[in-house]
Amino acid sequence: MKENKLDFTISSLQANLYAIPLAILIIAVLYIPFILIWGLSPLMSAAYSPFLKLQIFLPVFVLLALLHEIIHWLAFRFAGKIDHSHLKIGFQWKTITPYAHCNTAMKASTYRISLILPALLLGIIPSIVALISGISWLLIYGIIFTIVGGGDFIILWLIRKVKKDQLLQDHPSRCGCEMIED
C-alpha cells in the first residue's frame, strides 16, 4: 500500500521573506515592554556591554546557533524516541543555514515540541528574564534567538491544523514537513 504525503513546506527563501515581518513583530513585542519597564537607558548602555562586543558576540552567536540545532536534535531523539541513526545535524552552505533533520515520521505533537524548544530555551525565556531583571544585553540575545526561531514559528503556523497524533516527517531539503496519510 502506497502512502500519500501532504506537503507542509516552504523554500528557505520563502522562510526568510516571511521571517522579516515576524522579526519586526518580535522586536516590537519584546522591546516595547522593556522600554516601558526600564526606560531607554539600559538599552543605550548595552552598547558598552562586553557581551555585545564583536569578538565575544560572534563566537557566542555561532555556538548558540549550533546549540539551537542540537536542541532540535535532542527533542527529536528524546521527546520523539527517535533512534540517533535517523537524525542528522548539518550546515547548508547555499543558504548559510545550519539544520537538524529527522528522516523518520513522528507524531505532530512531538514535531511541534521539537520546533518550539530552541526558540523557547534560547530566545523567549532569556527575553522574559531580561524583562524582569532589566539586563539589556540578555534582551538583545533573547530577541536575536527568538528571531532565529522564526522559521520554526512559520512551520508551526503551517501545521497548526494538523491533529496531534498525525504522523509528520521532516522534509530533507525544504523548510517544514510532510504529513503521512495511509
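Some values worked out for this structure:
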read-out: Relative contact order of the chain, defined on C-alpha pairs under 8 angstrom at six or more residues apart (%); value: 35
read-out: Principal axis box of region 115-182, alpha-carbon based, largest edge first, Å; value: 52, 24, 14
read-out: Residue 74-residue 9 FRET efficiency (beta carbon distance; Förster radius 22 Å; 0.05 resolution); value: 0.45
read-out: Rough spin-label spacing in nm, given labels placed 7 Å along Cα→Cβ, for residue 32 and residue 16; value: 2.9
read-out: Length added when fully stretched, residue 164-residue 66, from 0.36 nm per residue minus Cα-Cα; value: 32.5 nm
read-out: Lys pairs, region 36-167 - Cα-Cα below 18 angstrom, 8 or more residues apart or on other chains; value: 5
read-out: nm² value of the averaged projected area, convex hull over the Cα atoms of the chain; value: 11.5
read-out: Computed helical MRE - 222 nm, the chain, DSSP H runs ≥ 4 contributing -39500 (n - 2.57), nearest 500; value: -17000 deg cm²/dmol
read-out: Rh by Kirkwood over Cα pairs, then Stokes-Einstein D for region 14-116 at 1.002 mPa s and 20 °C, µm²/s; value: 130
read-out: Chymotrypsin sites (Phe, Trp or Tyr not before Pro) lying in DSSP loop within region 90-182, provided at most 11 other Cβ fall within 10 Å; value: 93
read-out: Choice from 14, 92, 169 showing the highest fluctuation, given a GNM over the chain with Cα pairs closer than 10 Å; value: 92
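Only the coordinates and a few stated rules stand behind these numbers; no lab work does. A quick note: this is a predicted structure, and the numbers were derived from the prediction, not measured. FYI the Cβ positions are ideal-geometry reconstructions off the backbone, even for glycines, and counts take in every protein chain you see.
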